[in-house]
1. Just the number, please: percent antiparallel of the DSSP beta bridges in the chain, rounded to the nearest 5.
2. Is it possible to state the helix-based mean residue ellipticity at 222 nm for the chain, with each DSSP H run of 4+ residues giving -39500 (n - 2.57), the sum divided by total residues, to the nearest 500 deg cm²/dmol? What is it?
3. By how many degrees, 0 to 90 and rounded to 10, does the Cα axis of helix 303-315 deviate from the longest principal axis of the chain?
4. Once you charge only the Cβ atoms, +1 for Lys and Arg and -1 for Asp and Glu, what is the size of the charge dipole of segment 64-343 about its Cα centre, to the nearest 20 debye?
5. Which of rounded, prolate, oblate describes segment 2-60, given a ≥ b ≥ c as roots of the alpha-carbon gyration tensor eigenvalues and a/c under 1.5 marking rounded, otherwise prolate only if a/b is larger than b/c?
6. Calculate how steeply helix 162-173 sits against the longest principal axis of the alpha-carbon atoms of the chain, using the helix alpha-carbon long axis, and give the answer as 0 to 90 degrees to the nearest 10.
7. Mind checking the log10 I(q)/I(0) for the chain at q = 0.08, 0.12, 0.14 Å⁻¹? Debye, one equal scatterer per Cα, no solvent, two decimals.
8. As a quick test, which of the pairs 81/120; 230/282; 35/284; 81/284; 69/120 have an alpha carbon distance above 28 angstrom in this structure?
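Read-outs throughout are calculated quantities, based only on the coordinates presented, and are distinct from any laboratory measurement. Treat the numbers as computed from the prediction; the structure is a model and nothing was measured. All Cβ positions, even for glycine, are placed from backbone atoms using ideal geometry, and neighbour counts span all protein chains on display.
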Amino acid sequence: MELLTSYTLPELRKRFEELGFETYRANQVLRWLYKRFEDDFQRMTDLPKEHRQAFGERFGVRALELLQKVPAEDSTKYVFKTRDGHLVETVLIRERDHLTLCVSSQIGCAVGCKFCATAKDGLLRNLTPAEIVDQYLQVQRNTPQRIRNLVFMGMGEPLANYEAVRKAVEIFVSPWGIELSKRRVSISTSGLIAQLRRMAQDPLMRELNLAVSINAPDQSLREALMPISKTNSLQDLLQVLVDFPYPSDRRIMLEYVLIKGVNDSKAQAQELSRLIAPHRRKFKVNLIPYNPDPALPYERPSLERVYAFQEVLRSHGVSTFVRLSKGVEVFGACGQLRSKRALVVK
Ligand code: SF4
C-alpha cells in the first residue's frame with residue numbers, strides 16, 4: 001500500500017492524475033492529513049464517498065505502529081515499530097511554554113561516537129520520509145496542544161540520510177504541509193562536512209536551526225570521541241561553519257557534551273574559547289552534561305564543574321548555555337535515545 005506521507009503536494013497531485021483523480025483532491029486530502037491530523041479517509045467529509053473508498057483502498061497513512069508510550073515527569077517517549085520490525089523512538093518534551101518533538105532519522109547510526117549507545121549496532125537502515133513524518137503525526141494526534149518545535153536529535157545522523165530528511169522537512173515546513181516555522185525546526189549533526197556544504201547551498205535546509213556536535217576542543221580528543229573527525233577534522237568543520245550562510249540575527253549552536261574527566265577541565269574550556277571566541281557572533285555553545293549509559297564507561301560531571309566550564313567560555317565573550325532543562329535525559333546527544341531501550345516491553 002502506498003503511503004500518503006511519502007508524497008509532497010506536487011508529487012501527490014501528479015500521482016492522483018496518473019490514477020485518474022482530479023489533482024485538487026490531493027490538496028483536500030493533505031489538508032485533512034496535515035491541518036486536522038485526520039488519518040481516516042471516511043472522515044474526510046468533503047470528498048465524495050467513492051473517492052474516500054478508492055483512496056482508502058490504495059493509500060495508507062500510518063508508516064509506523066505505536067508500541068508503547070513511556071511517560072516521565074516532563075517528557076514522554078513514544079516507541080514505534082516499523083513495518084519491517086525495527087524500533088524507532090521519538091520523545092515529546094514539555095518545556096515551560098511549548099512542546100518540542102525530538103524525532104529519529106535512522107535506525108542505529110554509522111557515525112560511531114564512543115559515548116553513544118545508538119552507535120553500538122552501527123547503522124541498520126535509514127528511515128523513509130514517511131517514517132519521519134509519521135512520528136510527528138502520531139504524537140500530535142495524541143497531544144491536545146500543538147507541537148510547534150521539532151528537533152532532529154533522536155536516533156541517527158540526519159545529514160547522513162539527507163534526501164529523506166530533506167523531504168520530511170519540506171512536509172514539515174510547507175504551507176500545504178504541517179507548516180512549522182523553519183526557525184523552529186532544528187537539525188543536529190555530528191558535523192559531516194560534505195553534507196553541511198550541501199545544506200549551505202540548499203535554500204530549504206539552510207534556514208533551519210543548525211546544531212553541530214563539537215565535544216572536544218582539539219583534534220586528537222575529538223577523533224578519539226568521534227571517529228568521524230578523522231575525515232571531518234575540527235578545523236575544517238569550524239571553517240565550513242564560519243562560511244555557512246546563516247541569517248545574521250541567528251547563531252549556529254555548537255553542542256558540547258561534557259563527560260567527567262574526559263573533556264570537562266578548565267584548561268579544555270580555555271582551549272575551546274580560543275577556537276570560538278574569534279567567531280563569537282556566529283556561534284553559541286550549548287553545554288550538555290553527559291547522560292550516562294550503563295553499557296558505557298563515561299560519567300556525568302558535577303554541576304560545579306559544568307558551571308566552571310561555562311564561566312571560562314563566558315569570560316571570553318562566548319555565549320554559552322547549560323542544558324539542564326526538563327528534557328535533559330532526552331537531549332543527552334543525538335543518539336542517546338537508544339540508551340533507554342530497556343524500557344521497551346516486547
Ligand atoms: S551521538 Fe549521534 S551521530 Fe554520534 S553515534 Fe550517536 S546517534 Fe550517531
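1. The antiparallel proportion sits near 45 percent.
2. Theoretical 222 nm ellipticity from helices: -9000 deg cm²/dmol.
3. Orientation of helix 303-315: about 80 degrees from the principal axis.
4. 380 debye
5. The shape class here is rounded.
6. For 162-173 against the chain, the angle is about 70 degrees.
7. -0.40, -0.85, -1.12
8. 35/284; 81/284
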